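The values are calculated or read from the model by the stated rules, or taken from the named source; none is laboratory data. Values in this document were obtained by computation on a predicted structure and should not be read as measured data. Reconstructed Cβ throughout: ideal geometry from the backbone, glycine too, with neighbour counts over all protein chains shown. When the accessible area is computed, the model is the full protein with side chains, heavy atoms only, and any ligands, DNA or RNA have been set aside. Shrake-Rupley method; radii C 1.70, N 1.55, O 1.52, S 1.80 Å.
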Amino acid sequence: MAKPFAISPSFRLPSLPLLVVAACLSGNLAHAAETVGQVLLSVGQTQATDASGATRPLARRAPVQDDDVLQTGADGRLDIRMQDDGRLALQANSSLRLVDYQWQPQQRDGQVTLELIKGGMRSLSGQIGSTHPEHYQLNSRVASIGIRGTDFQVFLCDVQCGQQYATQPGLAGGVSSGSIVITSPTEQRVVRAGQFFYVDGQNGVITILDRAPAMLPQDSGWYAAAAAAKGPSDGASLTPLGVSGAAIVLGIGIMAIDGGGSSGTTGTSSGR
């Protein structure tokens, strides 16, 4: 006859409270997210979605965390101060993911990777962008942006946007301080403080505009600063181009350059 199963006297089951604490600790470690910034202003419908998919509203002084997706509704607006004193502002109907935001103040070093998923945003670089510009990256489906001591804003104009503003889908933007280099599949141009631009999503043509594209947010303070540093344009405005309805397929890269030196003198327009 088989012997009945017996538990060894040396075997002990851990107590239930210990099991619960261990499970909670492991769960917290697996899902812990570091606070990387704080909401300075929240208007209208705003929220954050964390890495687990949980959604929470964003009120003033609310923390934002690494890997959050920040979202604004039709009446929403967000202004956030990051740990390195950088600023991020989202306009209505926008979505931005904080892919990786690390700041080590003792070493004055860090890493920033953002992804603009939808809509428009303004970025004012903080200490990471100032001390290690190569560590700051803003990605989107049509643009890769590196910044250095730069205040600029961009807007992804999709097919619906193109229909609304009677223009081709593309990338709109402007620079208030510093300089950026925009690279499309067909050309590369420098955009300096006080200049605006539009990249045609169909042919990659980069146009330096004499006024702000209509789809950019109308921030009077930002525009006043840009106007004070007004730079030359191509003598063009964003005119109707007709919309084919095609999706944006171009890869457009934007890199910031220093505002000083011969290549970054404010108010000088580059050639095509």
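Points worth noting:
- The one condition in (1) surrounded by 11 or more Cβ atoms within 10 Å (Cβ to Cβ); (2) assigned to a loop (DSSP other than H, G, I, E, B); (3) modelled with pLDDT under 90 that PRO4 fails to fulfil: (1)
- Only listed residue being modelled with pLDDT of 95 or more, open to solvent by 10 Å² or more (accessible area, probe 1.4 Å), more than 14 Å from the chain's Cα centre (by Cα) and polar (S, T, N, Q), chosen from SER130, SER42: SER42
- Exactly one residue out of LEU114, LEU124 is among the aliphatic types (A, V, I, L, M), open to solvent by 50 Å² or more (accessible area, probe 1.4 Å) and within 19 Å of the chain's Cα centre (by Cα): that is LEU124.
- Those strands (runs of 3 or more DSSP E) lying entirely in the range 102-206 with at least 2 residues within 16 Å of ASP84 (Cβ to Cβ) and touching a residue at least 24 places away in the same chain (Cβ under 8 Å): 109-118, 120-124, 136-139
- Residues satisfying the criterion are present in the range 21-34 (criterion: open to solvent by less than 80 Å² (accessible area, probe 1.4 Å), touching a strand residue (DSSP E or B) at 6+ places or on another chain (Cβ under 6 Å) and either in a strand (DSSP E or B) or modelled with pLDDT under 95 (or both)).
- Summed over the range 98-111, the residues that are surrounded by fewer than 17 Cβ atoms within 10 Å (Cβ to Cβ), at pLDDT 90 or above and in contact with a helix residue (DSSP H, G or I) (Cβ under 7 Å, 6 or more places away or on another chain) give a count of 1.
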